[in-house]
Amino acid sequence: MGCSFSGLNAFYDAVGAGGDVWINENRFRVLRQLGEGGLSYVYLVKEVVSDGAGLARKKSIDPSHISDDGTYVMKKVPIQSEEQLKLVREEIRVSSLFNHPNLLPLLDHAIIAVKGAQQGSQNREAYLLFPVHLDGTLLDVTKVMQAKMDFFPTITVLQIFRQLCAGLKHMHSFDPSYAHNDVKPGNIMITHRKGQPPLAILMDFGSTCPARKEIRSPAEALQVQEWAAEHCSAPFRAPELWDCPSHANIDERTDIWSLGCTLYAIMYGSSPFEYVLGESGGNLQLAGMNAQIEWPSGPDPPYPEPLHQFVVWMLQPQPAIRPNIDDIIFHVDKLISKYSS
Ligand SMILES: Nc1ncnc2c1ncn2[C@@H]1O[C@H](COP(=O)(O)OP(=O)(O)O)[C@@H](O)[C@H]1O
Ligand SMILES: [Mg+2]
């Protein structure tokens, strides 16, 4: 980036609550840590506005994304290698492509030098700025509900799911089409709204890449598997990413598998295959490849059978006959009309 303001971070100690961070010409106070991903730290920050400047003046930011109270979320990604730099640059590039109400927008970013652990040394860090969603992820929300034996009503399950489909359709319809590659409850923000279904926003484009891959050799197949092992969460990972054939056409339907697992998780709080982790010798890959789904006891009365059939339809181990996002949207809209009275 080479921006002089963000460069001021080099004079500060490592980011922590109470400290300040510059992202380009805007300054933010770190209020508290919100979460920690595999390779990142997520903080709640508040803009420190001086002399009428500030994020609201930035032309590239949609005014509807400017927060009323100046709070935002900042994701800090430490960079220790050229490979990590490439990955975070790709996350920034991809996040900036999309513009959809059900996809988390990237408001601003900076890649800057910071003080290293050893005296006089310097490291790099990427700072990504997002709107804040404080009601938690779908994973947080369903965990709390499970503890209280509480379940979303059928129509709410479908309305949350429908929004995820809308966000994914935006990505799958790009030219070239993009696969999110890590659709799961921990990457979905939920915001409760009065008199409306909860807002669902898909985030974390750290694994997102062009969806279509032509695999033509055992070496290419192995490369896909190794990439997936690092980037696609195991309980939500499509069978073709676990065991990739040496001649295969991978496409957006890897996301449809994860979406099927996520619909199950909106109902029951976990991936349909996570139960095997509690069994001795349980194997996520095998359970997925054989589509061994268990249906736990849910609400009383239970979720209607068509919702279970919908999950099974998405969890088709053979990608060639798995539905695409348009098929899914057509079907979920029919279910919404059926259960919305
Ligand atoms: N916009 C946001 N509002 C509130 N919390 C967030 C937001 N973005 C991320 N988080 C929190 O930080 C965690 C990690 O963020 P994520 O982008 O998924 O990082 P990673 O790539 O490391 O998984 C999330 O699971 C969530 O708890
Ligand atoms: Mg994540």
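The figures follow:
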quantity	calculated
Neighbour net charge for Asn249 - beta-carbon separation under 12 angstrom, K R +1, D E -1	-1
Under 15 Å, Cβ to Cβ, from Tyr178 - net charge with Lys/Arg +1 and Asp/Glu -1	-3
Charge dipole magnitude, Cβ of K and R +1, D and E -1 - region 20-130, Cα centre, debye nearest 20	140 debye
Cα extents of region 274-339 along the three principal axes, largest first (Å)	43, 36, 12
Euclidean distance between Cα centres, region 140-216 to region 271-317, Å	18 Å
Spherically averaged projected area of region 247-286 from its Cα convex hull (nm²)	3.7 nm²
Scattering profile of region 20-130 at q = 0.15, 0.23 Å⁻¹ [log10 I(q)/I(0), Debye over alpha-carbon scatterers]	-0.68, -1.47
P(r) histogram, all alpha-carbon pairs of the chain included - 10 Å bins from 0, percent	5, 24, 31, 24, 13, 3, 0
Value of relative contact order over the chain, rounded to a whole percent, pairs C-alpha under 8 Å and six or more apart	13 percent
Gain in span if fully extended, Leu139 to Leu31, counting 0.36 nm per residue against the direct Cα distance	36.6 nm
Förster radius 41 Å - calculated FRET efficiency between Glu214 and Asp62 (Cβ-Cβ, nearest 0.05)	0.65
Which of Gln119, Ile61, Ile79, positive extreme of dipole for region 36-136 (C-beta unit charges)	Gln119
Size of charge dipole - the chain - debye, nearest 20, with Cβ of Lys, Arg +1 and Asp, Glu -1, no other charges	660 debye
Computed lengthening from Glu230 to Leu97, 0.36 nm per intervening residue step minus Cα-Cα distance	45.6 nm
Hz values of 3J(HN,Hα) by residue in region 94-99 - Karplus curve (6.51, -1.76, 1.60), Gly and Pro given as x	5, 4, 7, 6, 8, 8
CD proxy at 222 nm, helix term only [per DSSP H run n ≥ 4: -39500 (n - 2.57); per residue of the chain; nearest 500]	-10000 deg cm²/dmol
J(HN,Hα) series, region 39-50, from Karplus relation 6.51 cos²θ - 1.76 cosθ + 1.60, nearest Hz, glycine and proline x	10, 8, 10, 10, 10, 8, 10, 10, 5, 9, 8, 10
Region 138-339, Cα convex hull volume normalised per residue, Å³	121 Å³
Ranked Thr71, Thr208, criterion: other C-beta atoms within 10 Å, fewest first	Thr71, Thr208
Electrostatic dipole magnitude of region 194-326 [Cβ: Lys, Arg +1; Asp, Glu -1; Cα centre; debye, to 20]	200 debye
Segment His247-Thr191, extension gain: residue separation times 0.36 nm, minus the distance between their alpha carbons	15.9 nm
Inter-probe distance in nm under a simple model that places probes 7 Å from Cα toward Cβ, at Asn283 and Thr156	3.9 nm
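Since every read-out is calculated from the coordinates, none of them should be taken as a lab result. All values derive from a computational prediction rather than experimental measurement. Every residue, glycine among them, receives a Cβ derived from its backbone with ideal geometry; neighbour counts consider all protein chains shown.
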